[in-house]
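Heads up, the thing below is written out as structure tokens.
No lab work stands behind these numbers, since they all come straight from the coordinates. Fair warning: this is a prediction, and the values are worked out from it, not measured in the lab. Here the Cβ positions follow ideal geometry from the backbone for every residue, glycine too, while neighbour counts run over all protein chains shown.
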Amino acid sequence: MKIYNVKSSLIEKALIAFMFVFALIEVIAELSSFEPILFAFKPFIALLILILYLITSKVRNTLFILASIFLFIVSVLLIPNSSYFSLAALAGYIIHRSLLISYIIKINKVKDFIPVVIAIIPTLFIFSYLLSIADEINTSSFYGIVIQNIVISIMAGLVISNYFMNDNNDSPWLYIYGLLFTALYFTVFIEKCFLSTFPPTFFRPLGMVLYVSSYYAFYRFVIDTENIHKDRVQ
């Protein structure tokens, strides 16, 4: 059993190292605007997160597995420069986020949603205001951004309300994820809504770092939570 645990730990560390190496390659590709690498490597990050979870988790929660699969699908759908694929990616993105939200609600046993609604309002107000003053959004993208604003606000509201209302804050990784993911969306939002005419030499590499870091944080939150619940049962 000890040898198995050591082997599993080594595999986990190797996969994490590969994930961040891929992220570094993506950052370099973004800085050099080398699109073939950009399109080829981003889906691999989602795939590595899934493989990492399947190897290290003893619970293998269905919600997290499905969320990781949809993250991979969305990454693939964003490769073709097509409005149809973009629409399909938006649908996959909503399903992916809904699965993560469902997982957080289930694992934290959220029953009182009034604090969640209150926590949603500030984030939704900020993004709605920024969207209302943006002058670089076309009509076809507007409604997609509105939907994403709502989904992100729900996610942020869950994390914020859990921080203040949950006395058993066993894992800080959920709050790290919430901070990183909100920063990621804010970075993408500002780039698309206000700086679309500027060269993407700063925001996209930053976005890639936040993307990998946020999903790694959520993975750690899932693993920590599973281990904590296992220890409590024992």
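Using a cut-off of 27 Å between Cα atoms, the listed pairs Lys58/Lys109; Lys13/Lys58; Lys42/Lys106; Lys13/Lys192 include Lys42/Lys106; Lys13/Lys192 as exceeding that distance. Panel order for Met155, Met208, by other beta carbons found within 10 Å of each beta carbon, from fewest to most: Met155, Met208.
Residues Tyr129, Tyr103, arranged from fewest to most other Cβ atoms within 10 angstrom of their Cβ, appear as Tyr129, Tyr103. Approximating the spin labels as points 7 Å out from Cα along Cα→Cβ, the Ser83-to-Ser32 distance works out to 3.5 nm.
Computed 3J(HN,Hα) for segment 118-135, one whole-Hz value per residue from the Karplus formula 6.51 cos²θ - 1.76 cosθ + 1.60 where θ = phi - 60°, is 4, 6, 5, 4, x, 5, 5, 5, 4, 5, 5, 5, 4, 5, 5, 9, 6, 10, glycine and proline marked x.
Spacing of the modelled spin labels on Ile133 and Lys109, each 7 Å from Cα toward Cβ, amounts to 4.4 nm. Sorted fewest first by neighbouring Cβ atoms within 10 angstrom, Val117, Val110 come out as Val117, Val110.
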